[in-house]
Amino acid sequence: MKSKALLELLSDGQVHSGESLASRLGVSRTAIWKQIRRAMDEGAEIATIRGRGYRLTSRLDLLDRDSVLECLAPARRGSLFLNVLDEVDSTNAEVLRQIPAGAGKIPVVMADCQTAGRGRRGRVWQSPRGENLYLSIGLTFHGGFGVLDGLSLVLGVAVANALEQLGVPEVGLKWPNDIFLPDGKLGGILVELQGELEEGVVQVIAGIGLNVHMSRTEGVDQPWSSLARACPEIEWSRNQIAGAVIDAVLDAVPVFSDLGFRDFREPWQRRDIFKGKSLQAKGGEIEGVGCGIDDNGNYQIQTTDGVVPVRAGEISLRVMQ
Ligand code: BTN
């Protein structure tokens, strides 16, 4: 965001003259005026007070690397290679590019907006500036691709834990790993794999998108929710949410690496939004009632012929209308 420094100065909610802003930023008053226009075009609410200057009239939730670090468990801060960007094509793509520079640390990328945000199944993930959380974490696993079974569900449980810790009630999970609130989808997780670099070493990129202040809905084709809409009494900070999500994911990963999916089954089932619902899978070939996941993270449907498992990544489940 070109006007980020300006917005930081205005974020105290006081009136600032064009002259003082210009001198603090080392630019002309005309440049300040242009930046004010641009910031307003990008959604900031700024009042012009005649003869006095400019005042920000709504709260801004700016991304800030130091604030994210402060929200993390202290022991974790030094282990991350954290990049907080203004704009990027996709934070998942950026994590992959950052791995060589990370010197063995865990690469984490956040951005204020994505120009080519990716969703599951090749979909576009709408990523408007300043409104939501776009976060990717690079995770390394040993033991080949086989050890990853159930990982995407584990990530869903971790994100749900983080949100509950921040005060969000009724966080649901839609198999395999969509994050739901009662009024619609709150976020999603995109797990991308990088081939085995050394024998048995697998690089996973966990991309997490959460609707925080989302107001624009062009291109969103299903009921959605946002944290600000579901919990308006909380003053949402994307830095704080990021800290909680990063901690929760990085707490869950070693447990999953050591013990596998087992310990995550119950916390996942508890939040299953398909449980007891009439479902279709494989384009209608399988019909029945949702009855949770098995030990490997497959979704199970109770059909008239018995329980049928549906494998993650293969089929999308639909609630029958
Ligand atoms: C889904 O389709 O539900 C998954 C959406 C995942 C979106 C996130 S936003 C951060 C990361 N970067 C991307 O390009 N996608 C993921």
Selection within the stretch 271-308 - acidic (Asp, Glu) and surrounded by fewer than 17 Cβ atoms within 10 Å (Cβ to Cβ): 285, 287, 294, 295, 305
When (1) aliphatic (A, V, I, L, M); (2) assigned by TED's automatic domain parsing to the domain that holds residue 129; (3) free of Cβ contacts under 8 Å to residues at least 60 places away in the same chain; (4) touching a Gly at 6+ places or on another chain (Cβ under 9 Å) are applied to residue 103, the one that fails is (4)
Kindly indicate the residue of the stretch 309-321 that is surrounded by 13 or more Cβ atoms within 10 Å (Cβ to Cβ) and modelled with pLDDT under 65 and also nearest to residue 256 (Cα to Cα) among those meeting that condition. 312
Qualifying residue in the stretch 230-248 (condition: at pLDDT below 95, of a type outside the set (A, V, I, L, M, F, W, C) and within 18 Å of the chain's Cα centre (by Cα)): yes
Out of (1) under 23 Å from residue 110 (Cα atoms); (2) over 13 Å from the mean Cα position of the chain (by Cα); (3) more than 13 Å from the ligand (Cβ to nearest atom), what's the single condition that is false for residue 227? (2)
Return a yes/no flag: does the stretch 5-16 have any residue that is over 29 Å from the mean Cα position of the chain (by Cα) and in a loop (DSSP other than H, G, I, E, B). yes
If you check every pair at least six apart or on different chains, which have Cβ atoms under 9 Å apart with a residue in the stretch 183-210 that is touching a residue at least 12 places away in the same chain (Cβ under 8 Å) and open to solvent by 50 Å² or more (accessible area, probe 1.4 Å) first and a residue that is more than 16 Å from the ligand (Cβ to nearest atom) and in a strand (DSSP E or B) second? 193/202; 194/202; 196/202
Applying the selection to the stretch 271-298, what residues are touching a residue at least 60 places away in the same chain (Cβ under 8 Å) and more than 15 Å from residue 172 (Cα to Cα)? 296, 297
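The values are calculated or read from the model by the stated rules, or taken from the named source; none is laboratory data. Since the structure is predicted, the reported quantities are computational estimates derived from the model, not experimental observations. Cβ: placed from backbone, ideal geometry, glycine included. Neighbour counts: every protein chain shown. Heads up: the accessible areas ignore ligands, DNA and RNA and are worked out on the full protein's heavy atoms, side chains in. Shrake-Rupley method; radii C 1.70, N 1.55, O 1.52, S 1.80 Å.
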